[in-house]
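Since the structure comes first, as structure tokens, the remarks are kept for the end.
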Amino acid sequence: MLSKLAAAGATFTFDDAKRISNLTHGSLKNLLHRLESEGWIERIERGKYILIPLGAEKGEYTLNEFVIGSMLVQPYCISYWSALHYHGFTEQIPSTVFVQTTARKKKRNIDVFGVGYKIIRVTEKKFFGFDKVWFNDIQISISDKEKTVIDCLDRPNNCGGLVEVAKAIKSESLDKARLSDYAKRISNSGVIRRLGYLAEYYGIDGIELPRIDARNYLRLDPGLPAEGTKSGKWRLVVNVKEKTLGGIE
């Protein structure tokens, strides 16, 4: 059975093993428990496993953290701070892997092999804009550059704060038309306001956004106190110091 599972990839589920083995539920459960005890497989969480290659030791071998993240929930997309770092927009290496999904999962903060995973549930209309990349011969979904920026503007607390996403907006590698489209598509005025303000602050052309028709003020960085000057045009409390925004390279 192990050879058949290995031919299908480095990861498998209980259902995958059942299809291959044709064993009863109880017999397969016992077999997988024995294989795990003998160091042939390692359990990620209930019903999900990785195969341990010959020569590797149980407890010391793991797969790329994005591969592990892809198994924790379906549908999924590696996103927020994890994607921001993957695309080269931040030097900060997040200690947690951020996984976006539309599915309900009881446990949203998970530790697997010493790595933390945070599951963030979003609505269907916010779940789009994926790239497919390869890790360990497994294809992984990760938010594309523009969607990564939009997701981080939507929830800056999931990317280390507004300053980290500001670095991405200031870069020259974003498709401005796609970024504008995504900002409107996500239907969150906070995203429009933050993107509009930062694009204007950095003198970035080509980003077209609708006018803001609101009386309330939002914080530029929701994770910081509501202290600072106000932007009447974008209806924002600019609670990030100008020398901080201006010092971004």
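FYI, it's all coordinate maths here, none of it is from the lab. Note that the structure is a prediction, hence the values are computed from the model and not measured. Counting neighbours? That spans all protein chains shown, and the Cβs are built from the backbone with ideal geometry, glycine included.
DSSP beta bridges in segment 65-246, what fraction antiparallel, as a percent rounded to 5?
Expressed as a percentage, antiparallel bridges in segment 65-246 total about 60.
7 Å from Cα along Cα→Cβ at both K176 and N157: what's the point-to-point distance in nm?
Distance between label points: 3.3 nm.
When only Cα pairs under 8 Å and 6 or more residues apart are kept, what is the percent relative contact order across the chain?
For the chain, the relative contact order is 12 percent.
Could you let me know the centre-to-centre spacing of segment 1-55 and segment 132-180, using Cα atoms, in angstrom?
So the separation of the two Cα centres works out to 35 Å.
How high is the relative contact order of segment 124-206, in percent, counting Cα pairs under 8 Å that sit 6 or more residues apart?
After rounding, I find 27 percent.
Could you give the length gained on full extension between R121 and K233, defined as 0.36 nm per residue of separation minus the Cα-Cα distance, in nm?
37.2 nm
Counting other beta carbons within 10 Å of each residue's own, what order do E146, E172, E227, E208 fall into, fewest first?
E172, E227, E208, E146
So, with +1 on the Cβ of K and R and -1 on the Cβ of D and E, and no other charges, what is the size of the charge dipole of the chain about its Cα centre, to the nearest 20 debye?
1120
Hey, which of these cross-link pairs are over 27 Å Cα-Cα: K184/K230; K126/K176; K4/K106; K118/K243?
Check vs 27 Å cut-off fails for K4/K106; K118/K243.
If neighbour count is taken as other Cβ atoms inside 10 Å, put W81, W134 in order from fewest to most.
Sorted ascending by nearby Cβ count, the order is W134, W81.
Which value at 222 nm does the chain reach when only helices count, each DSSP H run of 4 or more adding -39,500 (n - 2.57), with the total divided by all residues and rounded to the nearest 500 deg cm²/dmol?
Helix contribution divided over all residues of the chain: -10000 deg cm²/dmol.
Assign one of three labels to segment 2-51, namely rounded, prolate or oblate, based on the Cα gyration tensor with a ≥ b ≥ c the square roots of its eigenvalues; rounded applies when a/c is under 1.5, prolate when it is not and a/b is larger than b/c, and oblate otherwise.
It is rounded, given that a/c, with a ≥ b ≥ c, falls under 1.5.
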